[in-house]
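Please read the structure below before turning to the comments.
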Amino acid sequence: RSWSMIRDTALLLKVQILGFFGLNRLMHVGTRKEKLRMLLLAAGMGLIVLLMAAYSAGLALGLSYMGLISAVPPLVLSVASVITLFTGIVKCNGVLFGYLDYDMVASLPVSRLSIVFSRLLSIYFMSFLFSLVAMLPALIVYGLNMAAPFSAWAMLVLSLILAPLLPLALAVVAGAAVMAVSARF
């Protein structure tokens, strides 16, 4: 039973992620004009990601030149946490509490627990990507400037994986509160 739940969760997660990036729509429907528009949008998003990564690395380099290299991990962790919190609040209402596709997904032969896990994992995946772009370049600069041993690199990788969890939990609670308040009205 647990393997089927893991498989169902993975399949639902795949569909959610393809839906986030518009890849499912691009692969199965869409005219040539729409595909070109999506390609240009993807190129623009790629440029934004590169600029964010360059800014993160530049910030860490600037701090290292000023002798403040030890301030890099808490700073990028704070930035990633704020990004995760705000994007989590925005995405939480649509993904977790959006009932547009719930009837269709609930009619599938999957457990409700698989549906909830897949939606939580999809939000975590998006938050992880934001954290990765915000933190990874700066942490690489930090690790290289500090001549960090292997154990420090392992801790940096662990911090990349765990960084979105607390802000994401706060975002889910805030999203639930917003939905509860809006349901009252």
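Before moving on, here are some points about what is shown:
- Residue pairs whose Cβ atoms lie under 7 Å apart, sitting 6 or more positions apart in sequence or on different chains, and linking a residue in segment 60-76 that is closer than 17 Å to LEU136 by Cβ to a partner that is open to solvent by 70 Å² or more (accessible area, probe 1.4 Å), are SER64/ASN145; ILE69/ASN145; ILE69/MET146.
- Test: residue in segment 99-122 that is under 27 Å from ALA54 (Cβ atoms), open to solvent by less than 30 Å² (accessible area, probe 1.4 Å) and assigned to a helix (DSSP H, G or I): no
- Subset of segment 113-142 [in contact with a helix residue (DSSP H, G or I) (Cβ under 6 Å, 6 or more places away or on another chain) and within 18 Å of SER56 (Cβ to Cβ)]: SER127, PHE130, SER131, VAL133, ALA134, MET135, PRO137, ALA138, LEU139, VAL141, TYR142
- Subset tally (residues that are touching a Gly at 6+ places or on another chain (Cβ under 9 Å) and open to solvent by less than 80 Å² (accessible area, probe 1.4 Å)) for segment 170-185: 4
- When LEU85, LEU39, LEU77 are checked against the criterion of being assigned to a helix (DSSP H, G or I) and farther than 29 Å from ALA176 by Cβ, LEU39 stands alone in meeting it.
- When SER131 is tested against (1) touching a Phe, Trp or Tyr at 6+ places or on another chain (Cβ under 9 Å); (2) crowded, with 18+ Cβ neighbours inside 10 Å, just one condition goes unmet, and that condition is (1).
- Verdict on TYR55 being without any contact (Cβ under 8 Å) to a residue 12 or more places away in the chain and surrounded by 12 or more Cβ atoms within 10 Å (Cβ to Cβ): yes
- Residue match in segment 32-41 (condition: touching a helix residue (DSSP H, G or I) at 6+ places or on another chain (Cβ under 7 Å) and surrounded by 15 or more Cβ atoms within 10 Å (Cβ to Cβ)): yes
- Residues satisfying the criterion are absent from segment 147-155 (criterion: touching a residue at least 12 places away in the same chain (Cβ under 8 Å) and either farther than 24 Å from PHE86 by Cβ or open to solvent by 50 Å² or more (accessible area, probe 1.4 Å) (or both)).
- Checked against the criterion of being out of contact with any helix residue (DSSP H, G or I) (no Cβ under 7 Å at 6 or more places or on another chain), among the hydrophobic types (A, V, I, L, M, F, W, C) and outside any loop (DSSP other than H, G, I, E, B), segment 51-58 has at least one qualifying residue.
The values are calculated or read from the model by the stated rules, or taken from the named source; none is laboratory data. In this text the structure is predicted, and so the values were computed from the model without any measurement. Note that we place each Cβ from the backbone using ideal geometry, even for glycine, and neighbour counts take in every protein chain shown. For the accessible areas, the whole protein counts, side chains as well, though only heavy atoms, and no ligand, DNA or RNA atoms are used. Shrake-Rupley method; radii C 1.70, N 1.55, O 1.52, S 1.80 Å.
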